[in-house]
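These notes concern the structure reproduced below.
The values are calculated or read from the model by the stated rules, or taken from the named source; none is laboratory data. Since we're looking at a predicted model, the values are computed, not measured. With ideal geometry, Cβ positions are generated from the backbone for all residues, glycine too; neighbour counts draw on all protein chains shown. Only protein heavy atoms, including side chains, enter the accessible area calculation; ligands, DNA and RNA are left aside. Shrake-Rupley method; radii C 1.70, N 1.55, O 1.52, S 1.80 Å.
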Amino acid sequence: MRIFFLALILMVALVLQTTVLEFLTIFGVRPDLVLLIVILFGFIHGSRAGVYSGFLGGLLTGFLAGNYIGLSVLAQMAAGYLAGMGENRFYKENLLIAIIVVMVGTSVAQIIYWLLLLMLGINIMFVNGLKIILIVALYNGALTLFLYKWFYHVNTRGILKKPELE
Amino acid sequence: MFSSHYKKIFFLIIVVIITLVVIKMTPLEREQLTLPETVVKIVLAPFQQVATGLSNGIQDSIAFVAALGTLAQENEQFKKELALLKSELERTEEYRVQNRRLKELLQYKQFTVANYQLVTATVIGRNAGNWFATVTVNRGKKDGIARNMPALVPAGLVGRVVAVSSDTAEILLITDPRSGVGAVIQQSRLPGVVEGVASGAGTVRMVHLPKGAPVKPNQAVVTSGLGGIYPPGVRIGRILITEDDPGGLFQIAKLEPFVDFSKLEDLFIVTVVYTPELNLPVEGME
């Protein structure tokens, strides 16, 4: 059931990202909502959950894009895993820590994406790549400021709560 | 304990390898989309359409309210411009007639520039990331859309169709780093290739221009028609600055596209082009 809700939230994020957020760009760059959710999910529930949500989010993103399916999968799985490593190390109720985790995770995912593009022979000029990574990371960090309280609640008491073992 | 740890790493490596293979197997240019892609596109398309429609509406109303104060002034200015353009149009008509007469004199076979059959399409979604620049439109196979059809707006070239599902099509914008368009500088007819830089960059660049060639800011760049995908003479952008390619022999021009890709709402997909060069004698290309 939890995976169904996670998929639903990821799909809503994907629809917003491909539509509404186009009107809210900063220097032509949009935030990455799907990645943001993957990172926060990993941060709250651990690496394993981070990898799964990254796989799901990346796959949905890839299917909708319709080409190079898997680019987002690898980038988001890595970000989810990395964020999950902070699960037991950091105090999860601290907003500032969540923001830093999101900004680091976002940057790592975008760098992996960039490296995969290079591997495919798609060259992005250094200045442009750097600009994208910096703005996405800052934008995602800023969104965390508004979304984290709600998302944390949903993940600890709401529909994305870890099922209790009986 | 140890074995489960290795199992995990082994499993992860397998997943990464499979994913890398899938990335390689699903490039931009494919004949057919797979089932999961089609399903995700079809399921999300109506939601995208509604969300885009709403955001367009909100943006238009904000722009309308913001413009209220300056409308009268703008109206006055438009009237002046209209008068100017009318006189220009008359002059163009003169050239057109003259052009036809001269062509007849030269016994050129008849050709029709800008003779496109068009399908209008509305943008319903964008690429999820910031690296690639693609848009999804609400026309697909059902409407006769096929791969490699060019997409235009009155302001200039938008891109080409790269993937089609039954109801939607994916358009690769000229700002995408995977896009390359055969182009010429309008005045000097100097050829080159216009490449995208990245979705977030807002500019494109023209490469393969010989070093020392007269390339100046504000010159217009249009499609050359070479390569067979894009019709010739479609406006692409205006040169902002030029710089020497670090490689040595070439210079690179940075272009501002004529199309504002951040405000792209509707576009035309060209389903049939009557390519003029097919009917032209070879020296006509000069």
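Look at segment B:214-234: where a residue is closer than 22 Å to B:Q251 by Cα and a partner is open to solvent by 70 Å² or more (accessible area, probe 1.4 Å) and in a loop (DSSP other than H, G, I, E, B), sitting 6+ places away or on another chain with Cβ atoms under 8 Å, you get B:Q219/B:Q186; B:Q219/B:Q187; B:A220/B:Q186; B:A220/B:Q187; B:V221/B:Q186; B:V222/B:Q186. The residue list B:K103, B:K80 contains one member that is open to solvent by 30 Å² or more (accessible area, probe 1.4 Å), in a helix (DSSP H, G or I) and at pLDDT 85 or above, which is B:K80. Of all residues in segment B:150-166, those being buried (at least 20 other Cβ atoms within 10 Å of the Cβ), over 15 Å from B:R238 (Cα atoms) and either more than 13 Å from chain A (Cβ to nearest Cβ) or more than 13 Å from the chain's Cα centre (by Cα) (or both) number 8.
Among the residues of segment A:64-90, those identified as facing chain B (nearest Cβ under 9 Å), in a loop (DSSP other than H, G, I, E, B) and without any contact (Cβ under 8 Å) to a residue 40 or more places away in the chain are A:G66, A:N67, A:I69, A:G70.
Matching residues to (1) more than 19 Å from A:L64 (Cα to Cα); (2) more than 8 Å from chain A (Cβ to nearest Cβ):
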{"site": "B:T38", "(1), (2)": "no, yes"}
{"site": "B:L44", "(1), (2)": "no, no"}
{"site": "B:Q48", "(1), (2)": "no, no"}
{"site": "B:A51", "(1), (2)": "no, no"}
{"site": "B:V65", "(1), (2)": "yes, yes"}
{"site": "B:G69", "(1), (2)": "yes, yes"}
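Is it true that A:L35 is open to solvent by less than 10 Å² (accessible area, probe 1.4 Å), at negative phi and touching a residue at least 24 places away in the same chain (Cβ under 8 Å)? Spelling it out, A:L35 is indeed open to solvent by less than 10 Å² (accessible area, probe 1.4 Å), at negative phi and touching a residue at least 24 places away in the same chain (Cβ under 8 Å). Just one of the numbered conditions (1) part of a loop (DSSP other than H, G, I, E, B); (2) surrounded by 22 or more Cβ atoms within 10 Å (Cβ to Cβ); (3) touching a residue at least 24 places away in the same chain (Cβ under 8 Å) is not true of B:A128: (3). In segment B:246-269 there is at least one residue matching the filter, namely being of a type outside the set (S, T, Y), at pLDDT 90 or above and in contact with a helix residue (DSSP H, G or I) (Cβ under 9 Å, 6 or more places away or on another chain). For the criterion of being assigned to a loop (DSSP other than H, G, I, E, B), at pLDDT below 90 and more than 12 Å from chain A (Cβ to nearest Cβ), B:S87 fails. Taken as a whole, the condition of being farther than 18 Å from A:L8 by Cα, at pLDDT below 95, buried (at least 20 other Cβ atoms within 10 Å of the Cβ) and touching a strand residue (DSSP E or B) at 6+ places or on another chain (Cβ under 9 Å) applies to A:I132.
Taking segment B:29-74 only, how many residues are surrounded by fewer than 10 Cβ atoms within 10 Å (Cβ to Cβ) and farther than 30 Å from B:V162 by Cβ? The total comes to 6.
Number of residues in segment A:20-42 that are outside any helix (DSSP H, G or I) and modelled with pLDDT of 95 or more equals 0. Filtered by the rule that a residue be surrounded by fewer than 13 Cβ atoms within 10 Å (Cβ to Cβ) and among the β-branched types (V, I, T), segment A:114-129 gives a lone residue, A:V127. Comparison of A:L16, A:L56, A:L8 shows that the only residue that is at pLDDT 90 or above, open to solvent by 30 Å² or more (accessible area, probe 1.4 Å), more than 13 Å from the chain's Cα centre (by Cα) and more than 9 Å from chain B (Cβ to nearest Cβ) is A:L8.
For segment B:169-183, residues that are under 22 Å from B:E37 (Cα atoms) and open to solvent by 10 Å² or more (accessible area, probe 1.4 Å) total 1.
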